[in-house]
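Since the structure comes first, as structure tokens, the remarks are kept for the end.
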Amino acid sequence: MAVIAHKFAQGFGASAAHQPERAPSRAAGRGDGEFASVAMERYAQGDESAFASVYDAVAPRVHAYLIRQTRDRAVADDLLQQTLLQIHRKRGTYVAGLPVLPWAFAIARRLYIDECRRRKTDALWSARDVGEDDRRVSALPDDEFAAREAARLVEVELARMPGNQRVAFELLKVEGLSHQEAAQALGTTVNAVKLRAFRAYSAIRAVLGCPLDPSASS
Amino acid sequence: MVPQQISKSKRPTADVRSGVDEAQLRAQVIDRSTREHSPTRRELALRRGMVLGMALAAPLLSFIVWGGLRVGPRPVGLVLQTALGSAVLAAVFIIVGVGRGGSMLGRPSSWLLTQVLLTPVCLFGWRVLITARYPEMMLEWADRPGIRCFTLSLLLACAPLAGLIWLRRGSDPLHPRLTAAAVGAAAGAGTWVLVDLWCPVGYVPHLLLGHVLPLLLLIALSALLGSRVIAVHRDRRTVTELSRPRPRF
């Protein structure tokens, strides 16, 4: 969470000279999506070696998403493993040409929700992480301190905002999914995703004291 | 060799407990996939064909054993209109409820909800609308409160419902209850057509008890099953060494 918060704090105005940072993974994401679809098609047809390609196309982004959600690498590893195994088990149902990433993100999100329900300790994880961040901050130079402070504000705001807004925001701005893909992964409409992301933007900008950019939702 | 001590400030990640390294994780997942067989598209199509064949054959056989088509005192025109109309409606509801609509994540929840709500309303409405044109067919039958139709509806729907739910098991990470309810509505719509062919009674309370109530029960039962069978669940068998955090220094 601190990583994402730091990244967005830099983009949103830890320094006024910085323009909002576009998700660097977005361009790569398109390529990953097509590569994943092609690999998944081969795998659905029975090419066993294609699973490694599916893994390479899907796993890094889903893993990053799970790490941000769980803030626990070991749990994220486990959930990633289960996500990929779900895809493996359902490979026969794959329809050629359909995007794989929204499917993978939806499975990962469902497994994460299952995990949260099982453990009921996500609040404790957050508390632990905030404590560790606070301990580290004192040793940093001024600029970095300012960025970290902004990151902390973003982090708190992300943690405070409704889950559906946070997830929509992360899928669009961190994972680089299109509105259509994010809508599929969340099981909602494109307009609903835009609205959630816009609200998340507005909340974060408000907490950082930045003027609202009317184009933020597009 | 003295193990390298990692100072607190040099821990690999700021806010993330450590796990295994990427290569080890990748190897473990791929290894597990090779050890656990999963059906390819061709194998799945074969299984699906067998399951759907049985899901169709079982209610048809039961229908024949139960007595098959019974025109009774109904005019042939009434039988044809109710059967054809309900068959067209059922086909639409089955396509919407069972198909995935060109997405790996199924149809949008609004579509499914609409299908679930419209299935009993449209089928009941069609039956009443057509039967109302033959007022003598709307009268009460004292010996037919609807128990036999109720039983037949549930009996005929068992196999299609089980087959369709089995085909969709573990496949919906978004709205499994709604998907399952739509599958239940589709199974109920299919059996509605057969029960329509069998039952000559057009008395509204009879239709509500013997035809609509089992359809609603099927939808409710499917929705209950959905969260258990159709939902994607965490598989405890895959919890391995990967899930255990590495010891911290």
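The values are calculated or read from the model by the stated rules, or taken from the named source; none is laboratory data. Fair warning: this is a prediction, and the values are worked out from it, not measured in the lab. FYI the Cβ positions are ideal-geometry reconstructions off the backbone, even for glycines, and counts take in every protein chain you see. Just the protein is used for accessible areas: all its heavy atoms, side chains included, with ligands, DNA and RNA removed. Shrake-Rupley method; radii C 1.70, N 1.55, O 1.52, S 1.80 Å.
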Restrict the check to the stretch B:106-129 and report whether at least one residue is closer than 29 Å to B:Arg70 by Cα, in contact (Cβ under 8 Å) with a residue 60 or more places away in the chain, small (Gly, Ala, Ser) and surrounded by 24 or more Cβ atoms within 10 Å (Cβ to Cβ).
no
Kindly provide the set of residues from the stretch A:147-171 that are within 18 Å of A:Trp103 (Cα to Cα) and in contact with an Asp or Glu (Cβ under 9 Å, 6 or more places away or on another chain), ordered by number.
A:Leu171
Residue that is at pLDDT below 90 and part of a helix (DSSP H, G or I), where the choices are B:Leu69, B:Leu25:
B:Leu25
When only residues in the stretch A:202-215 that are modelled with pLDDT under 80 and part of a helix (DSSP H, G or I) count, which is surrounded by the most Cβ atoms within 10 Å (Cβ to Cβ)?
A:Ile204
Going through (1) open to solvent by less than 10 Å² (accessible area, probe 1.4 Å); (2) at the interface with chain B (Cβ under 7 Å from one of its Cβ atoms) one by one, A:Val58 fails only at (2)
Say whether the condition of being modelled with pLDDT of 90 or more, surrounded by fewer than 21 Cβ atoms within 10 Å (Cβ to Cβ) and part of a helix (DSSP H, G or I) is met by at least one residue in the stretch A:17-26.
no
Kindly provide the set of residues from the stretch A:180-197 that are surrounded by fewer than 17 Cβ atoms within 10 Å (Cβ to Cβ) and in a helix (DSSP H, G or I), ordered by number.
A:Gln180, A:Val190, A:Asn191, A:Ala192, A:Leu195
Which listed residue is open to solvent by less than 50 Å² (accessible area, probe 1.4 Å) and touching a Lys or Arg at 6+ places or on another chain (Cβ under 7 Å), from B:Ser227, B:Ser222
B:Ser227
Of the residues in the stretch A:62-87, how many are open to solvent by 20 Å² or more (accessible area, probe 1.4 Å) and either facing chain B (nearest Cβ under 7 Å) or charged (D, E, K, R) (or both)?
4
Run down B:Ala90, B:Ala57 and say which single residue is at pLDDT 90 or above and surrounded by 14 or more Cβ atoms within 10 Å (Cβ to Cβ).
B:Ala90
